[in-house]
Structure formats: structure tokens, C-alpha cells
Amino acid sequence: MTHWIIAPILIPALAGLLLLLEVRERQQLRRVTGLLSCVALIPVALVLWQQAAQGDVGVYQLGNWQAPFGIVLVLDQLSAMMLLLTAVLALPALLYGCAGDDRRGPNFHSLFQFQLMGINGAFLTGDLFNLFVFFEVLLIASYGLALHGRGPERVKAGLHYVVLNLAGSALFLIALGLIYGTTGTLNMADFAVKAQALEGSDQILLTVAVLLLWVVFGLKAALFPLYFWLPAAYANATAPVAALFAIMTKVGIYAILRMQALAFSDGPLAGLGADLLWWLALVTLALAAIGALAAQRLGGLVAYLVVMSVGTLVAALSLGDPKVVGPALYYLIHSTLICAALFLLCDLLRRSRGDSDDRLESGPPLAHGNWLGAAFFAAAVAVVGLPPLSGFVGKVALLQAVPSAPYWVLLLLAGLAGLVGLSRAGSTLFWRVHGDVVSKKLGRRRVIPMLALLLASPLLTVAAEPLLQLCGGVAEQLADQTIYIRAVLGGAS
Amino acid sequence: MELLVALIIGVLVATGVYLCLRARTFSVVLGLTLLGYGVNVFLFSMGGLKINQVAVVGASADPTDPLTQALVLTAIVIGFAMTAFLVVLALRSQGEQHSDHVDGQDGEQRS
């Protein structure tokens, strides 16, 4: 049973390698391989969740090297929950890709699998340098995926994305070097113990290292002033890729949350950089609201909604209060799935509008306007946080947990801005029409994955109470870092 | 020796950052490469600087730290692959946009 922990990394890795071997002309075979891997990830994630939900922290020592010396994979409730979310998101995204988008470049399927491997690895690893490696794996795959489908706009956005992330990787390495130089360890649990004991100049160096880490994770999470790459990269990516990327910003948030809970919840370095994160997140929230109002294209609007969710989450999590983490996790699940659904919906609209693309201007009428309109309406209600869908539940829970005036004002105003932006987009796309219908085909293979993701919102609403309790349990386990440290270091601390 | 290594890292990173901020893709690629070199030397020196010592415990009285060497090896491999990728991407960008400006076109052309 212990070997299950590494399965979420091995399954996509093997599938990705197999996909590299398979002959290019046999597209069906590649689709089946990719889908099989994605389907397999869901029961594996469920098994792991079952294992983690019992309260123990599972530790997998690679090569059986003892904890501070070898690399460990650690499975607690937070990582299990993120793995499950990734698996649930990946299947509809890949199904949508199999409807035809995967033909636009030769290596879509293998890159998709390597991306999943990187994301799962980042959620599981208990070693800082290994986290860097998995970040690189997911980034390298994402570079390829972001460029999938070609086009000058995509190349331009892709170039910025790659250069920024390479600079980010350099900063990550500097931070890791400083951490190793001062504490002599890269194991997260061991680091959490040793960081408490540092004094004098070593402590100052470690502070620098940790602030650098926040910069790197902030870049991944798309926090102000490092979010400018996101709208262009996401809006120009192919739809299934953009949908999968909805979890990428959450990897950065996860890394911040993990490090904060593990090493900076008490002791001399408690709350390091938290004030900074709080204000930067609030600025992110405000600027994302402006961006959503100013968006010229639906894809850009959705990308700014992703940034908005990042601001909302990081601001709440920066407080370091275990009571906030539960609602924040619920909101994280909701925003990931719904933003992914919106990216897919945006692509469906783009397909039925011909040359007008997803620009927010008067265009041809839509062949299935009623159905698409209803889906758009539901997605908009969910993502902005109006009752009765899941965004509302998540936001109310967050507002209850964060008793701070600037947060309330900004979150509500940002919600209003999102609402105005989406109403403008909806009325332009569906009502300001002229001319004839361009394309009648919608394609069931594209609609079903989109609806499946959208269905997450009512499900999250119906199961809100147990889910919030579940997230609260995850937060409780996360707050008690001794469980994690004892599990990894075997009672040595 | 510490001073020399620190100076080398400083010069490498400074030139790297300067070149990264240029507007042409070629200088940006060079800049990221130099930045990568600076970071690698920095990472290497984090295990402590020692001359003429092997990285095997027991083979010498004061062995060097083997872990940083492993870390640097990983970082070099990743950095090398990424540079190759970036060069191809920069060429593609020039091919598609007929300009090696990082924004796809020069300021004058755009206005």
C-alpha cells in the first residue's frame, strides 16, 4: 500500500514516455493512452485521499534513504486534496483536447502527461530542491503546451512567459543555495526544525532566502507585480491547455501555504513576509478587477478572473490563521474548476463566431445561442460569487473568516467589477448580433467536458457543508506542523 | 578566494541582469545564460569553498560537500535544456514576426 504515494507521478510519466514512442499517425492510440492515464489518476487520487483522511501523514522514502538525507514524498490531507483536484480537472480538459485540438501540434498528449507529472510531483514532494525540479518539469511541459497550435500572438506571449519563468528559476536556485548554506538541509521538515534555531547573520541570510522564495512562488501564482505574463499567456493558449493551466497558479499558492504552515507559523521567523503578501494580494485583487473591466476579449476577461481568484486566496492565506485556510481551500477548488470551464466555454463561443473570434464586439448570431447563453450565465454567476452557486458559498465563508475592512471592500468591489465585465461580455456576445449564423456545428465531444466542469459548481454548492468541514479538517492537520515533521523525521525532532 | 568567487558571481549576475533587460531576444538569451552561470557558481560555493579536497568522506581529512555538486549538476542540465529551448523559441519568434524585438515589433513600428 505504501507504494501508492508515488503512483500519481509514475502514471503520467510512463504514459508520457509511451506517447513519445507511439507513431504519429495513430492519433486514436495516443488519445486512448492519454485518457487512460487521466482516468487512472482519479481512483489513485481517491485511494490516496482515503489514506490521508485517516489523519496520518504518509511518507515515501525514495530509494529507502532516511529522511533528511534522501528525497521524500509526503502525503498529507492537503496534498491528497490537491492531487484529487488535479485529476478531476485533467480528465475533462484532455477530453476536450481529444475533440480535435490535439491535432494542431505533434506532441500535445505527451506534453499534457508531463505537465500532470510535474503538478502532481510538486504537490507530493517533501524536499525543496525536488520541488524546484518538479516546478521545472511542469514549466518545461507548459512552455510546449502554451505554444501548442502556433500563431504569432501565441509565440509572443510564450516568449515572455518562458523568459520570466527562467529568471524565476534562477531566483529559486539562489534561494535554495542560501537555505542550504545556512541550515545545511533541503528537506522541508528538517528545514522547519533547523530554521528555528538560527541566529545572527545566518538568520538574516535565511530571511533573504525566504523572501526570494515568496517572489518565486508569487511569480508562479501570478501575484502583483508579477502577474503581467498571465493574461496574455492564458488568453492565447489553446482551450484545453488554458483549462489545465487553471491549476498552475494554484501550485504557487500551494507552495506558499505549505512553507508558511510548516516553517513560519511560530518561532523567530513567524509570519515572515506575510504583511507584504497581504498588501500585494490586495493590490492584485484591485488590478485584476480593473483588468476584467477593461478586457477586449473574453479570453482576457477569464484570465483576469483567474488573477482575481489568486488575489482573493493569497490575501486570505497570508493571515496564517488556520480558520481561514478551510474556506480558502473550498474557494480554491471552486475557482480552479469554474475558471477551467469558462476557458472551454470561451473556446466554444469562439468556434461559433467565426472571424469575430472572442473579441467583445458585435458579431454573427450564435447557432446554439440559448444553450451557450445558459451555460455562460451559470458560469458567470458561479465565478463572480452570486447566490445560489458555489462562488457565493466560498466568498461568504471567506468573508466570515477574514474580519478585515479592506479585504471585505476589495473582494466585494472586485466581485462587482467581474459582474459588470461578464454582463457586458454576455450581452455583447449573445445579443448584439448581426448578419447570418456562421457555424452551426458545436460538437458534442466539446460540450460534454465543458458541462462536466460546470456541473462542479452546483455539486460544490449542494455538498457545501460537508466539503467545508472536510477543508476545515485539512486546515487543522496543516496547522499542527509537528505531525508532518514527526512523520518525516521519525520522531527525531 | 572567497572575495574572488564573490566578485565573479557579482559580475556574472550583473551582466546577466543587464542583458536580460535589453530589447533584443539574442541579448536576453545571453543574459539568462550568464545569470544561470552566476547562480550555478553561487550554488556551488554554498557548500563551503575548499581547495584540493575530494568529495568522499574518509578519503581526506576535510572533504568538500558533495551535495552542492549534485545540485549544480541538476541545475546545469536543466539550464542547458532551457537555453536550447529558448534559442529555438527566439528563432521562431523572429520567423513569425519578422523582428527580433522581445515584443515582436519595435516601438516606432507599433505607433
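General observations
- Verdict on A:Asn120 being more than 14 Å from every other protein chain (Cβ to nearest Cβ) and buried (at least 23 other Cβ atoms within 10 Å of the Cβ): yes
- Of note, A:Leu94 satisfies the criterion of being of a type in the set (A, V, I, L, M) and either open to solvent by less than 20 Å² (accessible area, probe 1.4 Å) or within 25 Å of A:Arg258 (Cα to Cα) (or both).
- Counting only helices (runs of 4 or more DSSP H) that sit completely within chain B, those holding 1 or more residues that are crowded, with 18+ Cβ neighbours inside 10 Å and within 13 Å of chain A (Cβ to nearest Cβ) correspond to B:2-20, B:25-45, B:66-97.
- Listed here are the helices (runs of 4 or more DSSP H) enclosed by the stretch A:212-289 that have at least 3 residues being open to solvent by 10 Å² or more (accessible area, probe 1.4 Å): A:229-236, A:248-263.
- Residue in the stretch A:425-438 that is under 29 Å from A:Leu84 (Cα atoms) and open to solvent by less than 40 Å² (accessible area, probe 1.4 Å) present: no
- For the stretch A:147-156, residues that are of a type in the set (A, V, I, L, M, F, W, C) and open to solvent by 10 Å² or more (accessible area, probe 1.4 Å) total 1.
- Residues (of a type in the set (S, T, N, Q) and surrounded by fewer than 19 Cβ atoms within 10 Å (Cβ to Cβ)) located in the stretch A:450-480: A:Gln469
- Which numbered condition A:Gln203 fails, given (1) open to solvent by 20 Å² or more (accessible area, probe 1.4 Å); (2) within 13 Å of A:Val310 (Cβ to Cβ): (2)
- Qualifying residue in the stretch A:303-318 (condition: part of a loop (DSSP other than H, G, I, E, B) and at pLDDT below 85): no
- Taking (1) open to solvent by 20 Å² or more (accessible area, probe 1.4 Å); (2) in contact (Cβ under 8 Å) with a residue 40 or more places away in the chain; (3) closer than 23 Å to A:Met248 by Cα in turn, A:Leu36 satisfies each apart from (2).
- Answer residue from the stretch A:177-212, given it is polar (S, T, N, Q), touching an Asp or Glu at 6+ places or on another chain (Cβ under 9 Å) and over 15 Å from B:Met46 (Cα atoms) and is nearest to the other protein chains (Cβ to nearest Cβ) among those: A:Asn187
The rows are residues; the columns are (1) of a type in the set (D, E, K, R); (2) touching a residue at least 24 places away in the same chain (Cβ under 8 Å); (3) at positive phi.
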site: A:Ala405; (1), (2), (3): no, no, no
site: A:Gly426; (1), (2), (3): no, yes, no
site: A:Val438; (1), (2), (3): no, yes, no
site: A:Thr461; (1), (2), (3): no, yes, no
site: A:Asp480; (1), (2), (3): yes, no, no
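- Scan of the stretch A:457-482 for residues that are modelled with pLDDT under 85 and among the aliphatic types (A, V, I, L, M), ordered by number: none
- The set of residues in the stretch A:417-450 that are of a type in the set (Val, Ile, Thr) and either in a helix (DSSP H, G or I) or touching a strand residue (DSSP E or B) at 6+ places or on another chain (Cβ under 7 Å) (or both) comprises A:Val420, A:Thr428, A:Val433, A:Val447, A:Ile448.
- When the stretch A:143-170 is filtered for residues that are more than 7 Å from every other protein chain (Cβ to nearest Cβ) and either at pLDDT 90 or above or part of a helix (DSSP H, G or I) (or both), the ones remaining, listed by number, are A:Gly144, A:Leu145, A:Ala146, A:Glu153, A:Arg154, A:Ala157, A:His160, A:Tyr161, A:Leu164, A:Asn165, A:Gly168, A:Ser169.
- If the condition is being in contact (Cβ under 8 Å) with a residue 24 or more places away in the chain and in contact with a Lys or Arg (Cβ under 8 Å, 6 or more places away or on another chain), then the stretch A:148-164 contributes A:His148, A:Gly149, A:Arg150.
- Taking the stretch A:125-142 as the range and being open to solvent by 10 Å² or more (accessible area, probe 1.4 Å) and part of a helix (DSSP H, G or I) as the test, the residues that pass are A:Phe129, A:Asn130, A:Val133, A:Phe134, A:Val137, A:Ile140.
- So A:Ala15, is it surrounded by 19 or more Cβ atoms within 10 Å (Cβ to Cβ) and among the small types (Gly, Ala, Ser): yes
The values are calculated or read from the model by the stated rules, or taken from the named source; none is laboratory data. The shown structure was predicted, so the numbers you read here are calculated from the model rather than taken from an experiment. Methodologically, a virtual Cβ is constructed for each residue, glycine included, from the backbone with ideal geometry; neighbour enumeration extends over all protein chains shown. SASA here: full protein model, heavy atoms, side chains in, ligands and nucleic acids out. Shrake-Rupley method; radii C 1.70, N 1.55, O 1.52, S 1.80 Å.
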